[in-house]
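Engineer: Below is the structure I would like to discuss, written out as structure tokens.
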Amino acid sequence: MLTRLKSSLFSIYVKMLFISYRTQLAGKKVVVFDIDNTISNTWPLLKETSKNYALTFKKAIPFPSIKDLIREYHSSDYQVLYLTARKHSYYRVTLEWIKKNDLPCKYGAFLVRAPFKKLWFLNKLIKMECSVIYYDDLSYNHENGRVKFYDNIVEEVMKLDLKFYGYEDLINIQSTDA
């Protein structure tokens, strides 16, 4: 019960934090990045760390091509946001990882409990008349050998007024790291 209450309070806090940035973000060019399997190659570490997520998140290494892309956007006057589906208890680990990997981090990170909750943030950005670019693999189950997709979320994202780079796009970008 207490864990559920903490999680609900954190969700409210994250939404309030996001809303507090409204004046800084309204009408701006915004690029939103997922973290796991988008910025970093997280899934191979899940088996290695026995699904110790805090350790996995700490050990994850960003794809150099994605790291460069984030820096390019940052230097081109885009507001860079991180939006990832992780438990609120990983907030500090997530921020430390972003800073450790020298990624621009003006707004911190926005953690949601489930991937479909990302749609709320994207819709808010669009309502604030932001020009939004969104990078997210929206996939799961890599560590078990069969990649699955959040097809219903991908469908909803495709309906939004934004530029979306999904799984195949990310594979193409990340392949330049080989």
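The values are calculated or read from the model by the stated rules, or taken from the named source; none is laboratory data. Model, not experiment: these values are computed from the prediction. When we count neighbours, we look across all protein chains shown, and the Cβ atoms used for this are built from the backbone with ideal geometry, even at glycine.
Engineer: Looking only at region 46-70, which residues are of a type in the set (K, R) and in a helix (DSSP H, G or I)?
Structural biologist: Within region 46-70, the first condition is being of a type in the set (K, R), and the residues that meet it are 47, 51, 58-59, 67.
Of everything in region 46-70, those that are of a type in the set (K, R) and in a helix (DSSP H, G or I) turn out to be K47, K58, K59, K67.
Engineer: Keeping to region 134-168, report how many residues are surrounded by 13 or more Cβ atoms within 10 Å (Cβ to Cβ) and in a helix (DSSP H, G or I).
Structural biologist: 7
Engineer: Of the residues R113, R86, R92, which single one is within 17 Å of the chain's Cα centre (by Cα) and within 17 Å of I39 (Cα to Cα)?
Structural biologist: R86 is the lone residue from the list that is within 17 Å of the chain's Cα centre (by Cα) and within 17 Å of I39 (Cα to Cα).
Engineer: Tell me, please, whether a residue that is at pLDDT 75 or above and more than 29 Å from Q174 (Cα to Cα) can be found in region 8-21.
Structural biologist: Yes - at least one qualifying residue is present in region 8-21.
Engineer: Looking only at region 68-92, count every residue that is surrounded by fewer than 17 Cβ atoms within 10 Å (Cβ to Cβ) and modelled with pLDDT of 95 or more and tell me the total.
Structural biologist: Looking only at that region, the number is 6.
Engineer: Looking at (1) within 18 Å of N37 (Cα to Cα); (2) modelled with pLDDT of 95 or more; (3) surrounded by 15 or more Cβ atoms within 10 Å (Cβ to Cβ), can you tell me which one K100 breaks?
Structural biologist: (3)
Engineer: Here's a follow-up. Hey, can you tell me all the residues within region 110-133 that are in a strand (DSSP E or B) and under 17 Å from Y167 (Cα atoms)?
Structural biologist: I133
Engineer: Mind listing whichever residues of region 29-45 are in a helix (DSSP H, G or I) and either without any contact (Cβ under 8 Å) to a residue 60 or more places away in the chain or of a type in the set (A, V, I, L, M) (or both)?
Structural biologist: Listed by number, the list holds a single entry, L45.
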